[in-house]
Amino acid sequence: DQGVYHASGAAPEALVGLKVLDTTDAAGTPLFREMIDATRKAPEATVRYVWLNRTTNKVEPKASYVRKIGDYVLGVGHYLE
């Protein structure tokens, strides 16, 4: 299924199986579509967006490295300074 979480290190009980294709970031950008589209153009990419940082409870800039592996897009992100 395109746009469905199959694994998550952050909150697997809440995210695995969740359909996120139309989820937008705090600025209204469809970030998961951007991640999928980025890996259609190249096997790996960096996608920048704004997301709620659960540690600070503030919306902050974030970058995720995404890579296409078979039919999946694997991503890992970090908040920017």
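The values are calculated or read from the model by the stated rules, or taken from the named source; none is laboratory data. What you are looking at is a predicted structure, and each value in this text was computed from that prediction instead of being measured. In this analysis, Cβ positions are derived from the backbone assuming ideal geometry, glycine residues included, and neighbour counts consider all displayed protein chains. In case anyone asks, the SASA skips ligands and DNA or RNA and just uses the protein heavy atoms, side chains included. Shrake-Rupley method; radii C 1.70, N 1.55, O 1.52, S 1.80 Å.
Odds and ends about this structure:
- Calculated mean residue ellipticity, 222 nm, the chain: -5000 deg cm²/dmol, from DSSP H runs (n ≥ 4) at -39500 (n - 2.57) each, averaged per residue and rounded to 500.
- Rounded to the nearest 20, the size of the Cβ-charge dipole of the chain about its Cα centre is 120 debye, with Lys and Arg at +1 and Asp and Glu at -1.
- Where only alpha carbons of the chain are counted, the Rg and the Dmax (Å): 12.3, 35
- Measuring between their Cα centroids, region 31-51 and region 1-22 lie 16 Å from each other.
- Rounded to 5, percent antiparallel among DSSP beta bridges of the chain: 100
- A protection proxy built from the mean count of other Cβ atoms within 10 Å ranks the segments 26-33, 11-18, 57-64, most packed first, as 26-33, 57-64, 11-18.
- Of the solvent-accessible surface of region 1-44, computed with a 1.4 Å probe over protein heavy atoms with every protein chain present, carbon and sulfur atoms account for 52 percent.
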